[in-house]
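Each remark here refers to the structure printed beneath this line.
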Amino acid sequence: MSLDRRQFLVDGTMFILLTGAATRAWPFIEQGRPQDAPGYDTASHWWAMFIDVEKCIGCGRCVDACKVENDVPPEPYYFRTWVERYTIPPVDPEDATAHQLPIVDSPNGGRDGFPAEPPIEGAKSFFVPKMCNHCADSPCTQVCPVGATFQSPDGVVLVDKTYCVGCRYCVQACPYGCRFLDPRTNTADKCTLCYHRITKGLTTACCEVCPTQARVLGNLRNPDDPIHQLLREHKVHVLKPDLATGAKLYYNGLDGAVR
Amino acid sequence: MARRNLRDAEHLVRLALLFLAGALVFLGIRAYFVPAGFGELGHFRTGALQDIRDRPLHFAGRDSCGEADCHEDVAAELANDSHARVGCESCHGALAAHAADPEIAEAAAVDELDLCSRCHASNPARPASFTQQVEIEPHREESPCSECHPAHEPSS
């Protein structure tokens with residue numbers, strides 16, 4: 001490798017000003033394509049999911065499929081995806097100013113379905129599937145002190161299990177409660193959006209088994225993807241938009257009570 | 001003149017050598033601890049993407065079931081039913097191993113009462129647009145679901 005005096009000074013200054021990692025990333029950034037990864041064409045993908053609350057029947061097949069597909073710890077409190085049942089207490093005309101909170105239950109994450117008896121008879125109730133929002137500006141990625149969690153160039157928030165030190169910062173930082181510490185490895189664990197499936201042309205396990213198509217995976221960088229039509233034809237909402245996380249789970253029919 | 005300058009600068013040379021040694025130690029430690037491929041695409045190890053992609057599949061996906069000489073008959077039955085968009089593995093469970101080698105792992109028997117009621121037992125939290133809900137016990141009259149609703153054409 002030939003290195004003239006000018007190049008040496010440029011490289012040396014870059015090394016001093018930037019961290020070592022940023023120095024190596026700089027050529028990609030300079031060419032305006034920081035997303036280029038070897039192999040699978042990440043540059044033409046930007047993953048998102050459309051979730052139709054009005055189609056979810058609370059069968060819990062997605063929760064079961066996720067646990068099986070991703071080898072999620074079997075204990076009933078570790079979930080990469082789960083289904084919540086919201087019950088909104090009706091306004092009491094006798095006490096109309098009373099502040100009432102919704103009742104949320106999710107027995108075993110909804111994996112075994114839900115009991116037919118509602119927490120409140122006659123109240124409005126519905127199911128909301130939850131999982132990682134794969135935020136474009138994810139708080140969990142920002143707080144990781146070692147670079148073990150990151151957003152892939154195609155918009156999936158992932159954890160490098162060989163590099164995670166298990167400090168739990170990300171678990172606390174996620175405003176959606178989508179992370180946990182895997183008790184077997186003591187490393188952070190979360191939904192990978194079935195990255196091992198979607199990069200092979202399959203859909204996620206939860207979308208694969210959903211009997212009502214309440215969940216639809218989509219590639220926003222593909223102009224022919226059906227998700228564009230779904231987003232165009234529905235009034236969608238993301239969870240906690242006030243936090244500006246850039247969440248990419250688009251919910252149709254989401255009640256304002258859902259947090 | 002030149003010799004005198006060098007003599008005066010001797011302490012600076014020593015300092016520079018010390019600095020250089022420190023920098024080399026730092027670079028050595030850094031090279032040891034920073035994994036290969038770190039920082040190429042962002043603040044993470046590039047190889048992690050491939051590691052995650054290499055995880056094993058459990059669900060084969062519905063497209064692999066209805067191929068010729070496999071379950072084309074079932075696929076044809078299902079195609080005319082309102083359950084056409086329900087994935088095979090939604091009821092039969094994860095069968096990637098069976099799809100890869102039909103000899104080794106067969107689909108487990110399905111507990112149809114449990115399975116059908118997962119979706120069709122009436123529940124007030126289900127959306128009103130989902131009208132196919134029944135009170136399972138009075139409805140089935142003690143007979144298995146498939147007695148009236150064929151497994152792969154249940155709505156016929």
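The values are calculated or read from the model by the stated rules, or taken from the named source; none is laboratory data. Bear in mind that the values here come from a model prediction, so they are computed numbers and not experimental data. Counting neighbours? That spans all protein chains shown, and the Cβs are built from the backbone with ideal geometry, glycine included.
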**Report entry** Residue check for B:G39: closer than 17 Å to A:C210 by Cα, surrounded by 12 or more Cβ atoms within 10 Å (Cβ to Cβ), within 7 Å of chain A (Cβ to nearest Cβ) and modelled with pLDDT under 95
**Finding:** no
Report task. Confirm whether B:V86 is surrounded by 12 or more Cβ atoms within 10 Å (Cβ to Cβ), more than 26 Å from the chain's Cα centre (by Cα) and within 12 Å of another protein chain (Cβ to nearest Cβ). Result -> no
Report task. Scan B:E141, B:E67 and give me the residue that is within 27 Å of A:L202 (Cβ to Cβ), surrounded by fewer than 17 Cβ atoms within 10 Å (Cβ to Cβ) and more than 13 Å from chain A (Cβ to nearest Cβ). Result -> B:E67
Query - helices (runs of 4 or more DSSP H) within the range B:1-97 that include 1 or more residues within 22 Å of B:A107 (Cα to Cα) and of a type in the set (A, V, I, L, M) - result: B:72-79
Report task. Report, ordered by the first and then the second residue, all pairs with beta carbons closer than 9 Å, sequence separation of six or more or different chains, a first member in the range A:135-149 that is within 12 Å of chain B (Cβ to nearest Cβ) and under 11 Å from B:F44 (Cα atoms), and a second member that is in a helix (DSSP H, G or I) and polar (S, T, N, Q). Result -> A:T149/A:T141
**Report entry** Verdict on A:V156 being within 11 Å of chain B (Cβ to nearest Cβ) and of a type in the set (A, V, I, L, M, F, W, C)
**Finding:** yes
Report summary line: Scanning the range A:90-134 residue by residue, those away from chain B (no Cβ under 14 Å) and either surrounded by fewer than 21 Cβ atoms within 10 Å (Cβ to Cβ) or of a type in the set (G, A, S) (or both) turn out to be A:V91, A:D92, A:P93, A:E94, A:D95, A:A96, A:T97, A:A98, A:H99, A:Q100, A:L101, A:G109
Report summary line: Of the conditions (1) in contact (Cβ under 8 Å) with a residue 12 or more places away in the chain; (2) part of a loop (DSSP other than H, G, I, E, B), the single one that A:D224 does not satisfy is (1)
Requested in this report: Within the range A:189-217, work out how many residues are more than 7 Å from chain B (Cβ to nearest Cβ), under 14 Å from B:A96 (Cβ atoms) and not in a loop (DSSP other than H, G, I, E, B).
Outcome: 0
Report summary line: Across the range B:113-144, the tally of residues that are over 23 Å from A:F127 (Cβ atoms) and in a helix (DSSP H, G or I) stands at 2
Requested in this report: Being away from chain B (no Cβ under 13 Å) and not in a loop (DSSP other than H, G, I, E, B) is the filter here, so list the residues in the range A:171-187 that pass it.
Outcome: A:V171, A:Q172, A:A173, A:F180, A:L181, A:D182
Query raised in the report: Would it be correct to say that B:A60 is at the interface with chain A (Cβ under 7 Å from one of its Cβ atoms) and under 20 Å from the mean Cα position of the chain (by Cα)?
Result: no
